[in-house]
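> Structure in structure tokens, see below.
Just so you know, all these numbers are worked out from the coordinates, no wet-lab data involved. Model, not experiment: these values are computed from the prediction. No Cβ is skipped: glycine too gets one built from the backbone with ideal geometry, and neighbour counts run over all protein chains shown.
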Amino acid sequence: MQLPRTPSFRLDGRRALVTGASSGIGQAAAAALAGAGAELVVVARRGDALDALCEAIRAEGGRADPHALDITDLDATAAMVAQKGPFDVLVNAAGMARHSQALDTRVADYDAVMGLNLRAAYFLTRTVAEGLVAAGKPGSLINISSQLAHVGCTDRAVYCASKHGVEGMTRAMAIEWGPRGIRVNTLCPTFVRTPLTQAAVEDPERLAWFRDRIPLGRVGEVEDMMGAVVFLASDASALVTGASLLVDGGWTAA
């Protein structure tokens, strides 16, 4: 009897672009993809942090090159992708939040969050897909979204709106590009311990609020996202597109 074989999670021979790679989920995604054999270009605004990341990846036998860039600069981003692409894998982990009651939302905060979380994500995903189409290659494009792309939350109307938008564009792009072998998915974390959230998760009252709403009883760690990134990037998810992979400890189920 010939048993079926699990498709490979390896990414040898593939080139991956990771944005928001200077810290947090983006940094962890870069480490995960490098560990699976991908050759990386890592992007963020802080060049020093990218240099340190690439040095650490190379020390473990991986391949990674840094590129300091603000992806809200659409022309500069398109030029970088044209120069360094095509990319077989995209992990767009660049994002931001400015929280307030909806009645107190400032136009500047709305524009900043939407400009990075939705506008930049849209055109980055499109630009990487353009490179794949021109090269006649398949690919896996992953946008880091959020559990709050599926539910609402007080003080987070703008953030929720931006991530709901990412889910919508992801599904539409998946339908358009599926016939070309280009898959587009989102990864939706719960509250994850990163440098940006450290103050919140170290506040006993806030931490208790998080834990009360997460059935598994803890906030996420960046390591919780790494296997999911490799799964979505690899042939192990070859029939997965237009999907949201919730890594939320059960938040949205509850």
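> Mind ranking 40-50, 204-214 by how tightly packed they are, going by the mean number of other C-beta atoms within 10 angstrom, highest first? Present the calculation step by step, with values, prior to reporting the outcome.
Working: 40-50: 21.1, 204-214: 13.7.
In decreasing order of mean packing, 40-50, 204-214 become 40-50, 204-214.
> Output wanted: per-residue J couplings in Hz (rounded whole) for segment 184-195, from phi through Karplus 6.51 cos²θ - 1.76 cosθ + 1.60, θ = phi - 60°, x for Gly and Pro.
Along segment 184-195, the couplings run 9, 9, 10, 10, 10, x, 7, 5, 10, 6, 9, x Hz.
> If I take every Cα pair under 8 Å that is 6 or more residues apart in segment 142-233, average their sequence separation and divide by the length, what percent do I get for the relative contact order?
Values: 92 pairs, mean separation 26.9, N = 92.
Over segment 142-233, the number comes to 29 percent.
> Let me ask something else about it. Expressed as a rounded percentage, what relative contact order does the chain have, with Cα pairs under 8 Å and six or more residues apart?
20
> Work out from phi, with θ = phi - 60° and the Karplus expression 6.51 cos²θ - 1.76 cosθ + 1.60, the ³J(HN,Hα) of each residue of segment 86-102, listed in order in whole Hz, and give x for Gly and Pro.
With coefficients 6.51, -1.76 and 1.60, one gets x, 10, 6, 9, 10, 10, 9, 9, 5, x, 8, 9, 9, 8, 6, 4, 4 Hz.
> Taking R0 as 22 Å, what's the FRET efficiency between A56 and F9 from their Cβ-Cβ distance, rounded to 0.05? Walk me through the numbers on the way to the answer.
Values: r = 21 Å, r/R0 = 0.98.
For A56 and F9, the calculated efficiency is 0.55.
> Near the amide H of G139, under 5 Å away, which other amide H atoms are found, from residues 5 or more places off or on another chain, if H is placed in the peptide plane?
Distant-sequence amide H within range of G139: I182, R183.
> Can you order the peptides 215-227, 155-167, 27-39 by their average number of other Cβ atoms within 10 Å per residue, highest first? Mind showing how you got there, number by number?
Numbers: 215-227: 16.4, 155-167: 20.3, 27-39: 24.5.
So the peptides 215-227, 155-167, 27-39, ranked by packing, come out 27-39, 155-167, 215-227.
> Moving on to the next point. Tally Lys/Arg at +1 and Asp/Glu at -1 over every other residue whose Cβ is under 12 Å from the Cβ of A78; what's the total? Write out the running numbers ahead of the final one.
Values: positive: K84, R126; negative: D73, D75, E130.
Residues near A78 contribute -1 overall.
> Using alpha-carbon positions, what is the distance between the centroids of segment 87-154 and segment 182-208, in Å?
So the two Cα centres are separated by 16 Å.
> Would you mind checking which residues have amide H under 5 Å from D70's amide H? H placed 1.01 Å from N; only 5 or more apart, or other chain.
Those lying under 5 Å, H to H, from D70: there are none.
> Would you tally the net charge around D88, using a Cβ to Cβ cut-off of less than 9 Å, leaving D88 out, and scoring K and R as +1, D and E as -1?
Details: positive: R14, R15, K137; negative: none.
Every neighbour counted, the sum reads +3.
> Could you pull out every residue, at least 5 positions away or on a different chain, whose amide H is within less than 5 Å of the one on V247? Hs are placed 1.01 Å off N in the peptide plane, and Pro or chain starts have none.
C188, T190
> With a cut-off of 14 Å, note down the residues of segment 144-159 whose backbone N falls inside the zone around a label point 7 Å from the Cα of L216 toward its beta carbon.
147
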